[in-house]
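What follows draws every value from the coordinates through simple rules; no lab data is involved. Keep in mind that this is a model prediction, so the values were computed, not measured. Neighbour counts are summed over all protein chains in view; Cβ atoms, including those assigned to glycine, are modelled from backbone coordinates with ideal geometry.
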Amino acid sequence: MAVDLTMYDPRNLHLPEHEIMRSGHMACPGCGAALGMRLALKALGPDTMVVIPACCWAVIIGSYPYQALEVPVLQVAFETAAISASGVRAALAAKGRDDITVMAWAGDGGTFDIGFQSLSGAVERNDDIIYVCYDNEAYMNTGIQRSSATPYGAWTTTTPVETPKAEPKKNMVEIMVEHRIPYTATASIAYPEDFIRKMKKARSIRGATFIHLWISCPAGHKSEERSSVKIARLAVETGIFPLYEVEYGTRYTINHEPAFTDIREYLELQGRFRHLTDEHVETMRRNLEWEWQRLRAKVEMGRKLPLPPAPVKAPVDEGEREPAAE
Amino acid sequence: MVELNPKYLEDLPLTSYSDNSTELLRTGTWKYVQPTYEDKLPACSHLCPAGNDISKAMDLVARGQLDAAARLWRSANPLPATLGRVCPHPCESECNRNAFGGAIAIHAMERFLGDRSFDPAFLPERAPSTGKKVAVVGGGPAGIAAAYNLALAGHGVEVLDDKPAPGGYLRTGIPDYRLPREILDREIALVEHAGVTFTCGTRVGRDVGLDELRERFDAVIVAVGFHRARPLGVPGEDHPHVFNGVELLERILLGERPELPRRMAVVGGGNTAMDVARSLLRIGVEPVVVYRRSKLEMPAIPAEVDEAMAEGIEFNFLTAPSRVVVEDGRVTGLECVKMKLGEPDESGRRRPVPVEGSEFVVPVDGVVTAIGESADLEFLPEAARDGWRVAADARLVTPEEGVFAAGDVVSGAGTVTAAVGEGRRVAAVVHTWLTRGSLPDEAPPVQGLWDRPVNLDRTVYVEQLNPAYFTEVPRPELPELDPVERRSSFAEVMGGFTEAEAVAEARRCLVCGTCNECCNCLYFCPDVAIARRGDAFGFDIDADHCKGCGICVEECPRDALSLMEVKS
Amino acid sequence: MRKVLKGNGAVAEAVRLARAEVISAYPITPQTSIIEEIASMVSRGSLEAQFIKVESEHSALAGCIAAASAGARTFTATSAQGLALMHELIHWAAGGRLPIVLADVNRAMAPGWSIWTDQNDTLSQRDTGWMQVYCQSSQEVVDSVVQAYKVSERVLLPTMVVLDAFFLSHTYEDVEVPEQVMVDRFLPPLELPHRMDMERPAALGNLVFPDRYMEFREKMDLAHGVALGVWEEVGREWGELTGRPYGLVEEYRMDGAELVLVTAATTASTARPVIDALREAGVPAGLLRLRVFRPFPAERIRAILGGRKKVVILDRNCSFGHHGIFHQEIKSALYELPHGEQPVLHGIIAGLGGRDITPDDLHGMLDGAWSGKITAPVTWWDVLPVKDRERAAVTMVEGG
């Protein structure tokens, strides 16, 4: 029963109805990665192939002989998500199939750390893949060890409370931006429409696209299962995880102006931050302010600059490729 | 699909090749709590004495199903067009939208839905006849509501009223500028259409006795209301220019234009006082309101007070009359004493205390008393009386078998809305008694009579809502007759909604505690365990796959889901 | 068509003839000219394929694995460090039952850096489930690469086609390049039964619990057994089409041979005139060249070597602490022979890091074994003499 929900409060959601992800998967209760995949495949539709390296999703998808997705999936080695997507794309190209979207779906460890090289290679070649990093900010599948995506101050089993992580989170989006790929964006499970729009945009682009999806992890963040979406929303509303997109390394758009809610509201919901002192929080605040100054400066810069000159063989934007079953 | 229970190596694929759906796995067994759809009482309905199902109706209007909404509203409340004009709408003061742009105009919506449903097609289908007969004594709002609901339930209902036309205080106590007669007539016509017989001009105790009624009917409901004015109890009260407010108002409203003094004190702070003062204004008299407490303590509907003030009526607060000043046989003033507010009394309002030596005279030519009313219950046996009231318990059952009561005679002078709610409740009690032959152990609150399940123990206030999903949208202004124009006219002061305005306003409604298929639960479920119900309203939770994370409960904007312990 | 091709060029020709669809590769000496030639073919259009120019060997093989999983015929080439970097994915390709063909130009492992030949890089990958074919000539390289696709796609295991650095990779030879029409008939398009397929949305590689893991591994082991017969069958078929039949091993002057040299790759070419000379000198010498090393033709080797007097096994590799690797394998294959038929085995480790193995070296080894001068079960050939083994093994000297 399709009801026109536009008549309700403007924040009511309007998402594609079809489901590619199935129930019965192995994700923990309240898993943001499961929700993220569900939304991503709502956006991409059934004409999709998915590549999954070692990460939580290598388990979530189900053990042999079960599988949670109604699209072909290839599980690959930890550090090979991007090249594996490229390989699938190459095979499809060799077979003359250009109607299939290839998505690499990797965690923060597989993206920021071990898969960094292969990712850099694939996006530098501008291979026609969508790379989604679902980021829960640590190696959660192995039991919560720090990754270079772990934020400053966070507890993990390898950054115990006596010496929580001292370094800021690696800025993966900016690294991708500097590869001058057609499209880079951040997204959040708490903003499904924004996420889905970005996935569809990525799908419409022939070339490398990178989506950085922030997800919650009740087990790893030491948070309540029911709060998964709330925490993801606060990550955005505090300004900690800005929702923005960048075209061709130049044009920055902030998609959601945060309320700049007090970061304590965000931190207090997560046990991984429970040990933080006022000084830690103050450092985080100052850093947050600096990050936003930096981001806004980039928005300004992008306004003044033209897009980079197109290479001889420019990636072709063929417009929206709508999923057939929508 | 691969072989799930292979006997031979040949039955396995070459490598880990998985094509069986995980739906075969019952991951729902992991959970220890489970979400359940559970509508709760919205703050507005919690405070609605008539028990209107506001959120559900608002949802229907928002969907553009205006007729369905009107049908729902009228399904148990026979006077929506009336209440939509005279109800003090406490719902709006508690409306959770107050935190996001101003209360929903529920009062105006009730009027809109009432005005939309004067056609008998809007009446619910009447249940098959039970063969039982009920007499309702008193054709005011409580009696009408009781009669309407009992008639729809299939009983034969006769309303006896001593006035020439039914309506009670609605007809004799509320001026046209608030409730045009035509509206009341049309609603009563609908009640008759629903199967209720009105016998007017018949006074129980004078024209027919209670015993006779008990003989002729299977049940009798006493709902005579408060209509006898209480005296001031000060010297000079017997002067002909000291009027009983209820009677005077009734005369004016019935069209009489008696010769009246030019300037009159109206004593009292209730709705009758306001109605008298504003009606006097409209027939050329200059009213002066005298009230012994402050504006804050006035029992009248605040909006009525504000409107009266806007019309230029003079108010004397903290002023209590002590003597009607009569000189040369003419009233020349009302001697009053200044009051101050002391400790709160049992009503919670601060008790007025006279200020020694503060006597002064309000210069007036006449006085109207409007300090409260009481009932005329002499037709009842002693045992069924308790002072001014009927001795009825919380179930509205009197000590006389088969005799029930509702309205002011049970709960004291209240609002029309409360009377309607009580009428609904007494109808439910009488219906149980007539159909099951027994009395309920306790009478449910009026909201318990809804035909959809609602957890009455939980009321949704703004703290229970998820503010992330609501944006501030300002409350629209409603049309209102110019105060200067209305000083000289009994024309209706408040305007109503257009269809578009009604829909727009309903879309502002947060639909608290009531699932409106916003789909947050559906979309945010990481386990794809929530599904639409096909053509039916709402969603189903797949217990085999719901892991009980509770995201749906947390992300429900309106607290229409609850987490329950899983019973092992 | 006859062409003068070096070994690397022969690989490229064969990849073109096999109509590989996806090439994913990364440069490393001495393999680089293979992928340079293929890149040129793809650019010119003589090979219609997708060439992913990856950023590492690791990605090179990962790209092939993904493309093969999606149903494409794939190729990559590497050497030494590159192959070692691929190691995780070498397992992956075999476990995924993907018919990938990889050309490895045998090169010694660092440190110290060496670009010259030995077999330790490929033999380190012995236990991964890949098939391995060691070639002795550019002609055999062309023929073996095409055959490798056919066998791999039949038994669904990947194959490493191995050629010696420089001695073969960079040495020009006269080669008969088969006709494309003939190869197309010989090698039909790949239809991978477990490929990623929109019609059958399966997941490849999901977690396998202990209750099934062994079964999948047993299937790989069984496939190796099947592959032995397929290599023989395909080698015969190739012979019928081209006049150049191939077997699992190659025998040279083995009739009545009591002294047998067992070796692989280009050393076998060096050995033939030495065998001839020994025969002329009255020594009953013969040569057994190992070609298909995995699957291991143990039965065939047992049948050939059973009852011979002495066998010299030349390893251009070493499993440190326990023999050359061919030596180990052959010794274990001969264990099942009745006692009287067991030949005396002499393992020789020679030619590591590209050191030349000359006819004189080979003569010395065979003569030494036949005459009884060599008695040790394992001999490091042509290395500095040792005074004190333990001291030599662990003593650091500067400026030596």
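Worth pointing out:
- Fully extending the segment from B:S294 to B:A536, taken as 0.36 nm per residue of separation minus the present Cα-Cα distance, adds 81.8 nm.
- Using only alpha carbons, segment C:322-400 has a radius of gyration to Kirkwood radius ratio (Rg to Rh) of 1.04.
- Highest mobility in the GNM of chain A, judged by mean-square fluctuation with C-alpha springs under 10 Å and restricted to A:T48, A:T184, A:T209, is found for A:T48.
- Between B:R126 and B:D67, the contour length at 0.36 nm per residue exceeds the Cα-Cα span by 19.4 nm.
- Excluding same-chain neighbours fewer than eight residues apart, the lysines reachable from B:K7 by a Cα-Cα span under 20 Å are C:K219.
- Overall form of segment B:232-373: oblate. Here a/c, set by the Cα gyration tensor axes a ≥ b ≥ c, is 1.5 or more, and a/b is not larger than b/c.
- Spatially close lysines, pair count over segment A:23-304: Cα under 20 Å, gap of eight or more or interchain: 9
- Residues whose placed amide H lies under 5 Å from that of A:G62, excluding near-sequence neighbours: A:M26
- The angle between the Cα long axis of helix C:7-17 and the main principal axis of chain C comes to about 30°, on a 0 to 90 degree scale.
- Projecting label points 7 angstrom from Cα along Cα→Cβ for B:D482 and B:E10 puts them 9.8 nm apart.
- Cα-based helix-to-principal-axis angle, B:141-152 vs chain B, degrees rounded to 10: 40 degrees
- DSSP finds beta bridges in chain C, and of those with both partners inside it, around 25 percent are antiparallel.
- Distances between placed amide hydrogens fall under 5 Å for A:Y244 paired with A:T186, A:N255, all partners being 5 or more residues away or on another chain.
- Relative contact order, percent, segment C:284-367 [alpha-carbon distance under 8 Å, six or more residues apart]: 33 percent
- Taking other residues whose beta carbon is less than 15 angstrom from the beta carbon of B:R228, and scoring Lys, Arg as +1 and Asp, Glu as -1, yields -1.
- Globularity ratio of chain C, using Cα Rg and 2.2 N^0.38 Å: 1.00
- Tensor-based shape of segment C:252-380 (alpha-carbon gyration tensor, a/c under 1.5 rounded, otherwise prolate or oblate): rounded
- Partner aspartates and glutamates for B:K547 [C-alpha distance under 15 Å; skip if fewer than 8 residues away on the same chain]: A:E224, A:E225, B:E23, B:D527, B:E565
- Label point 7 Å beyond Cα of C:S269 along Cβ direction - residues of segment C:155-175 with amide nitrogen under 13 Å: C:163-175
- Over all projection directions, the Cα-based convex hull of segment A:99-254 averages an area of 9.1 nm².
- Surface/4 estimate of mean projected area, convex hull on alpha-carbon atoms of segment A:23-304, nm²: 13.7 nm²
- Chain C, relative contact order in percent, only Cα pairs under 8 angstrom and at least six apart counted: 15 percent
- Diffusion of chain B by Stokes-Einstein, at 37 °C in a medium of 0.692 mPa s and with Rh set to the Kirkwood radius over alpha-carbon pairs, works out to 124 µm²/s.
- Taking 0.890 mPa s as the viscosity and 25 °C as the temperature, the Stokes-Einstein diffusion coefficient of segment A:241-310 based on its alpha-carbon Kirkwood radius rounds to 174 µm²/s.
- Here the 3J(HN,Hα) profile of segment A:266-283, calculated from phi with Karplus coefficients 6.51, -1.76 and 1.60 at θ = phi - 60°, is 6, 5, 5, 7, 10, x, 5, 10, 4, 7, 5, 8, 4, 5, 4, 5, 5, 4 Hz, Gly and Pro shown as x.
- Taken over segment C:128-168, the convex hull of the Cα atoms encloses 53 Å³ per residue.
- Rounded to the nearest 0.05, the FRET efficiency derived from the C-beta distance between A:T157 and A:T277 at R0 = 25 Å is 0.75.
- Label-to-label distance for B:E212 and C:S371 is 15.1 nm, based on points extended 7 Å past Cα in the beta-carbon direction.
- For the protein assembly as shown, share of DSSP beta bridges that run antiparallel, in % to the nearest 5: 35 percent
- For segment B:381-386, Karplus couplings with θ = phi - 60° (6.51, -1.76, 1.60), whole Hz, Gly/Pro x: x, 3, 5, 8, 10, 9
- Cross-link reach is defined here as a Cα-Cα straight distance under 30 Å, omitting same-chain residues fewer than 8 places apart; for B:K132 the lysines meeting it are B:K163.
- Prolate is the label for the protein assembly as shown. Its Cα gyration tensor axes, ordered a ≥ b ≥ c, give a/c of at least 1.5 and a/b above b/c.
- Between A:P218, A:P53, A:P168, the GNM of chain A built on Cα springs shorter than 10 angstrom shows A:P168 fluctuating the most.
- Across segment B:232-373, the mean sequence separation of Cα contacts (distance under 8 Å, 6 or more residues apart), normalised by length, yields a relative contact order of 31 percent.
- Less than 5 angstrom separates the built amide H of B:M339 from those of B:T319, B:A320, B:V355, all sequence-distant by 5 or more or on a different chain.
- For segment C:102-219, the equivalent ellipsoid derived from the Cα gyration tensor has semi-axes of 31, 23, 11 Å, listed largest first.
- Placing pseudo-labels 7 Å out from each Cα toward the beta carbon at B:E247 and C:T358 gives an inter-label distance of 14.6 nm.
- Helical content of the protein assembly as shown, expressed as a calculated mean residue ellipticity at 222 nm, amounts to -10000 deg cm²/dmol (DSSP H runs of 4 or more residues, -39,500 (n - 2.57) each, divided by residue number, nearest 500).
- Radius, Kirkwood style, for segment C:1-118 when every pair of distinct Cα atoms is counted (Å): 14.3 Å
- Fluctuation leader among C:I38, C:I304, C:I325 - chain C, Gaussian network, Cα springs under 10 angstrom: C:I304
- For segment A:77-85, 3J(HN,Hα) per residue [Karplus equation, 6.51 cos²θ - 1.76 cosθ + 1.60, θ = phi - 60°, Hz, x = Gly/Pro]: 5, 3, 9, 10, 4, 5, 5, 5, 4
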